[in-house]
Amino acid sequence: LNAGEPLPVVASSVGSVRRIRALLAIGWAMPAVAEVCGINAGMLQHIMADHQRSSGMVTRATHEAIRKAYDELSMKLPQPTTPGQKGIVTRSKSTAAKRGWAPPLAWDDGDLDDPKAKPYRDLRATRDAVAEKDEELAELLSYGFTVPELARMWKITPQSIERRLDRRGIERAA
């Protein structure tokens, strides 16, 4: 999906599955993700299983619900308070690690829906790449580039740029 293009009625489940997997990789349990999505956990599991068996499609509404949950949860870690909750977080991370699922920081927002995109695997390099991209973003904004212009240049949505600015506390140009 290109920046600014409306989503079709149905979409490939690639981005939805990658978002769910990324959240599981940082310890979010499927029921917690489902609650934030407003979608039954069994449905999320079905989406992931269907993606494995076939081309996998989701409705626009499902794609948007999963994207919004990802936006809400991807930059915060679960805060377990009981031994049972801690065990769930550990199992979620362990399962994701065994299956090679990449965490949120391994993905550029614009790559999540691209079937050809691959996650960064060296997380230290990922952190360095994120910091470098943030510096580039701040510099381009200081030169007077607008968020929509940057979104077109980077082939991501303006909302992705806005989220990045908000998450990183980067000042917008006056």
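Annotation: of all residues in the stretch 154-174 being at pLDDT 80 or above and more than 17 Å from the chain's Cα centre (by Cα), the one that is farthest from TYR70 (Cα to Cα) is ILE170. Within the stretch 84-99, residues that are in contact (Cβ under 8 Å) with a residue 24 or more places away in the chain have Cβ atoms under 7 Å from residues that are in a helix (DSSP H, G or I) and of a type outside the set (Phe, Trp, Tyr) in these pairs: SER92/LEU24; LYS93/ALA25; THR95/LEU24; ALA96/ARG21; ALA96/LEU24; ALA96/ALA25, counting only partners at least 6 apart in sequence or on another chain. So for the stretch 63-77 (the condition being open to solvent by 40 Å² or more (accessible area, probe 1.4 Å), touching a helix residue (DSSP H, G or I) at 6+ places or on another chain (Cβ under 9 Å) and not charged (D, E, K, R)), does at least one residue qualify? Yes, the conditions are met somewhere in the stretch 63-77. Quick one: count up the residues across the stretch 29-38 that are over 17 Å from the mean Cα position of the chain (by Cα) and either modelled with pLDDT under 90 or closer than 19 Å to ASP113 by Cβ (or both). Adding up the residues that qualify gives 0.
Selection within the stretch 136-153: residues that are acidic (Asp, Glu) and surrounded by 12 or more Cβ atoms within 10 Å (Cβ to Cβ). The member of this set that is modelled with the lowest pLDDT is GLU136.
The values are calculated or read from the model by the stated rules, or taken from the named source; none is laboratory data. The shown structure was predicted, so the numbers you read here are calculated from the model rather than taken from an experiment. Note that each Cβ is placed from the backbone with ideal geometry, even for glycine, and that neighbours are counted across all protein chains shown. The accessibility values were calculated without ligands, DNA or RNA, using every heavy atom of the protein model including side chains. Shrake-Rupley method; radii C 1.70, N 1.55, O 1.52, S 1.80 Å.
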